[in-house]
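A quick write-up on the structure given underneath.
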């Protein structure tokens, strides 16, 4: 492998000598090519791992309003896991055909959640929800203590009365593989 590289370098040097490019000009060309490759790579990464999504329901008001557009970072959870209060895009059913929802991560894998009198309790401690004035009248399946299965997350909308989320059995907790990425 090393001998092939050495031979290749030698061939490149011969070609550059034949072209008769002065050393300084050769360095300028080299750094220009490197810069162009870096910019092209960054552009390809940003388009391959980002997506614009429309907000088409009031479930996340006041954080996102109807007809807002959010940016989905598809790379974020390939290298890490969702954290409490992250805003995420999910396909609860897991199918590419199922609808995309934007929700907030409230409960993490292995935790216990309970929603009583509008207050969210995580592992028997009240949770300070990051959006002011949110009252959850219906705790759904979290009205009683609910254990979040390993590898899954409990998601809520910021407008609970308008949101279908992990409180309902139909939506349920969401597996990491069904989280498309972080939303901004």
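When the chain is treated as a GNM with alpha-carbon contacts under 10 Å, the residue of 129, 31, 101 showing the greatest mean-square fluctuation is 31. Under the criterion of Cα pairs below 8 Å and six or more residues apart, the relative contact order for the range 51-183 equals 31 percent. Taking every C-alpha pair closer than 8 Å and separated by at least 6 residues, the mean separation divided by the residue count of the range 45-121 gives a relative contact order of 22 percent. Consider all pairwise Cα distances in the chain and report the whole-number % of them above 26 Å. For the chain, the fraction of Cα-Cα distances above 26 Å is 46 percent.
Per residue, the convex hull around the alpha carbon atoms of the range 117-184 comes to 110 Å³.
Coordinate-derived values only; no laboratory data. The model shown is predicted, which means the values in this text are computed figures rather than measured ones.
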